[in-house]
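As structure tokens, the structure follows; a few thoughts come after it.
The values are calculated or read from the model by the stated rules, or taken from the named source; none is laboratory data. No experiment lies behind these values; they were computed from the predicted model shown. Backbone-built Cβ (ideal geometry, glycine too); neighbour counts: all protein chains shown. For the accessible areas, the whole protein counts, side chains as well, though only heavy atoms, and no ligand, DNA or RNA atoms are used. Shrake-Rupley method; radii C 1.70, N 1.55, O 1.52, S 1.80 Å.
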Amino acid sequence: MDQGWDVTALESSHGVRLSFHNWPSSRLEATRIIAPIGALYTPLAKLPQSSAPPTALPYEPVRCSSQSCNAVLNPYCQVDFRSKLWVCPFCASRNHFPAHYADNISEQNLPAELISQFTTVEYELPSIPDAGPPAFIFVVDICSHEEELSELADSISQALNLLPEDCLVGLVTYGTNVQVHELGFEGMQKNYVLRGNKEYAPGKVQELLGCGMRHANANAASRGQGGHGGQGQAPPPGPPGSAPAPPAAAAPMPQYTGPGSEILSRFLLPVSECSLTLESILEDIRKDPWPVPNDRRIARCTGCALSVATSILDLACPRRGARVMLFTGGPCTSGPGAIVSRNKTSDLRSHADLAKGAEPMHKPACEYYAKLAMAHRQSVGGGGAGKKGSIGGGAKGNVSKGKTGAPMHVVDVFACSLDQVGMLEMQELVEATGGLMVLGDSFGQSVFKESLMRVFKRFPDETPQDGGKMSMAFGASMEVITSRECKVQGAIGPVTSLYKNGGNVSEIVIGQGGTNAWGMGGIDPNTTVAIYFEVAVPANTVLPEGKRRYIQFLTKYQHSSGKTRLRSTTLCGPWHNMNANANATGAASQQLQQNGQPMPTGPDITPIKYSFDQEAAAVLTARLAVYRTEEEDVSDVMRWLDRSLIRLCNKFADYVPEDPASFRLTPQFSLFPQFMFHLRRSQFLQLFNSSPDEATYYRYILNRENTTNSLVMIQPTLLSYSFDGPPQPALLDSVSVQPNTILLLDTFFHVVVFHGETVAAWREARYHEQEEHAAFRSLLEAPQSDAQMIMDSRFPVPRYIVCDQHKSEARFLMAKLNPSVSHNSEGGSGTAVFTDDVSLRVFMEHLMKLAVQE
């Protein structure tokens, strides 16, 4: 029994959090532990040099020769230095080292991937050519007010200054129609106008922009037409009786330029060449001039603009990383992807409309954006698969799915509007490409301005190999390889299936299942994917003592420098042999019975209990609950959560049957019920007072953030500031609201500085401006500086709120507090929370009562 698990150590050394570190050895027992067996993996996590080589290895990885395995060489492989062989820990295949390895390898001279502490290794693949710097197309909605457009233009101009000078940029504006701006045209502003009420395939965009196949020498065609001296024409016949003219020399093959090079010379140019032109266009940008009747909404062709922008990238740089950055200020009302009629008598869809199926434009819009996402993946995957069985290869046995690959082009949505804009419908497009979502009220808000700047964040200059380069990556795909005793059920996060059905794929599907490889598109150092596993060992099988399980994550991506890299992370963990320990609890059972505690009737689960990571399990459960809301009613998901929590406590808590007062949870489980209580009250499951767009935004961010950030979303953190001492963590409870304290609430999406009634009165009396009250001034400044530290390190930038007790904005704090004192309760200190929700105390009382029932 190991009671010393450090459940967070794996995150700092591997970028992984596991719900259980010690797994049950049979499928039956794995289903009885209730909590999901899974991992939260952050592919681009920054790891210390003690856990991974400081730079990427400049050569191809050595892979297992078994086509069904294809795992990468790692420290857990058994190496025979005499015969120059290595044994794969996943399939037990024996493999020969390549010649350049075999000639130099020894016990004293190991390659980096075999050094014991380097379980994560990154390779820079020389076999894949450099794709060049990424491209960015700014898609700007010009239907907003002049003030909003001015703020947006200023933010984009600042963003240009953050881009490396060799990055490509383009500009598309849209309103009633779509304007594609030709940045390479000198002397004046020139753009091509496309009608906004139709969809454009890449071929049609190529034709309308005049980017067809043409001669490299523009005069070649004119020289070849008319006149006797044209190349390739027969000379005129000579006079009768004269000798025949010699045959004309064969004309040289004409040189052509494709539509890609045309676009790269006219519409997508390096920042260093077009920044002045682009900034002048942004300065002159004006609201869409088309007239709008009073009873009609403005025509906004968002869906058409996205199809044009993505088509340009497909034509110009299909294999190069790129981002389509959409800046929209309202809903799409015209053309494909429209979510509401232009007639103002038609309301935007609500949760009630969607539940009743009473919104006729919702489904066609979702299908349009999903088709746009699939077109991206097929255009990337159709160009030939990689090595059979390797990540990024074609779909195996899924011809009907088409050749799909990881999308190289990312679609981001920056929505700033007091109305809905259609994030719900665009979610699949953003998720399939690994894009970002930012939701704000105005383009002048710091939520938008600062978030946009952080998209282009770079590695610190002192970072080996990557210093000064952008931290974003493109075209990412991930494959999970496991040992034979476990299988992959699926993944939840910004991923789409690559339809690779290997031998380690479970028949039970969770999230994006039925595969062990997924496309991720764009990723950054915070992107985290939840992977769910199934134990595949039959119930009566006893595993050998010392048997270990192995999991390998392979993430292939295009670095912002254009190089393609492969990161390999290999995990090794123990099995707890349930069957071998089933009859080994006799003495312990007698001792427990003498102490009045229940006698265990099954195998000893103590090692599994002590390996539980309640934080990772809470995030895995939250992602699963959010995923289920897509197909099930929220009330059904809440009941599933409640039943799962009761069964988990029944399994792992210490108690005497039918005696709730004896209920005890070990420290490994003590916070889990609290997490579930706050999850039930969170914006992820409670749809009241939120629009479909807001619910989509919150859920999307939860599904892509790391464990720490996700926990803050589920259970916000609260700090209390007072004259009694330094800041102290406070209970997320109404009793923490006191008149003489300041509270700092962090919900991830909001950072709230809350002044108690007395503190607010002192501040209004301007005591902090007097020298004798310097301590009060320091008290007021402390939470503000701490709030700034929180916001400086977060994306999207949270909304900053300063409020006072009993004022309207205090609702942002009060809605998150446990209502231990409410209008229905009697007595108690603290401020009453006006809600019908039960308090945590009542919730735990009911949980204990139900968990101890036999």
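Ignoring any ligand, DNA or RNA, what whole percent of the accessible area of the chain comes from carbon and sulfur when the probe is 1.4 angstrom?
Exposed carbon and sulfur together represent 51 percent of the surface.
What GluC sites (Glu not before Pro) in region 94-130 are in a loop by DSSP, with at most 13 other Cβ atoms within 10 Å of the Cβ?
E107
Using only the Cα atoms of region 719-822, each taken as one equal point scatterer with no solvent, compute I(q) by the Debye sum, divide by I(0), and report log10 of the ratio at q = 0.20 Å⁻¹.
Here the Debye-derived log intensity ratios amount to -1.05.
Sort the following peptides by mean Cβ neighbour count (other Cβ atoms within 10 Å, averaged over residues), highest first: 39-48, 430-439, 456-465.
Descending mean neighbour count gives 430-439, 39-48, 456-465.
Would you please give the residues with an amide H less than 5 Å from that of R323, counting only those at least 5 places away or on a separate chain, with H modeled from the backbone geometry?
A135, F136, I137, V410
Can you pull the percent of Cα pairs in region 417-487 with separation above 18 Å?
64
Each residue of region 279-291 in order: what ³J(HN,Hα) in whole Hz does its phi give by Karplus 6.51 cos²θ - 1.76 cosθ + 1.60, θ = phi - 60°, with x for Gly and Pro?
The phi angles translate into 5, 5, 5, 5, 5, 8, 5, 10, 5, 3, x, 5, x Hz.
In degrees, nearest 10, range 0 to 90: what is the angle between the Cα axis of helix 614-628 and the longest Cα principal axis of the chain?
Helix 614-628 sits roughly 60 degrees off the main axis of the chain.
Using θ = phi - 60° and the Karplus form 6.51 cos²θ - 1.76 cosθ + 1.60, what ³J(HN,Hα) does each residue of region 329-343 get, whole Hz, x for Gly and Pro?
The phi angles translate into x, x, x, 6, 10, 9, x, x, x, 5, 10, 8, 6, 6, 6 Hz.
Calculate the tail of P(r) for region 642-748: the fraction of all Cα-Cα distances greater than 23 Å, expressed in %.
47
For the chain, what is the charge dipole size about the Cα centre, in debye to the nearest 20, if Lys and Arg each add +1 at the Cβ and Asp and Glu each add -1 at the Cβ?
3060
On a full-extension model of 0.36 nm per residue, what is the gain between N343 and T8, subtracting their alpha-carbon distance, rounded to one decimal in nm?
Going from the current span to full extension adds 115.2 nm.
Sort 740-749, 536-545, 523-532, 73-82 by packing, meaning the average of other beta carbons within 10 Å per residue, with the highest value first.
Ranking the peptides 740-749, 536-545, 523-532, 73-82 by packing returns 523-532, 740-749, 73-82, 536-545.
Hey, what number do you get for the chain at 222 nm if only DSSP H runs of n ≥ 4 count, each worth -39500 (n - 2.57), divided across all residues, to the nearest 500?
After summing the helix terms and dividing by residue count, I get -8500 deg cm²/dmol.
DSSP beta bridges in region 712-809, what fraction antiparallel, as a percent rounded to 5?
The answer is about 70 percent antiparallel.
Among 564-577, 790-803, what's the highest-first ranking by average C-beta atoms within 10 angstrom per residue?
Top of the packing list down: 564-577, 790-803.
I'd like to know how region 105-205 sits against the 2.2 N^0.38 Å rule of thumb: what's its Cα Rg over that expected value?
Normalised Cα radius of gyration, region 105-205: 1.80.
Among the listed pairs K651/K849; K371/K500; K46/K556; K469/K563, which are separated by more than 18 Å between their Cα atoms?
K371/K500
How much of the DSSP beta bridge set in the chain is antiparallel, as a percent to the nearest 5?
Bridges in the chain that DSSP calls antiparallel: roughly 70 percent.
Residues of the chain: accessible area per residue at 1.4 Å, in Å²?
Accessible surface, normalised per residue, equals 44 Å².
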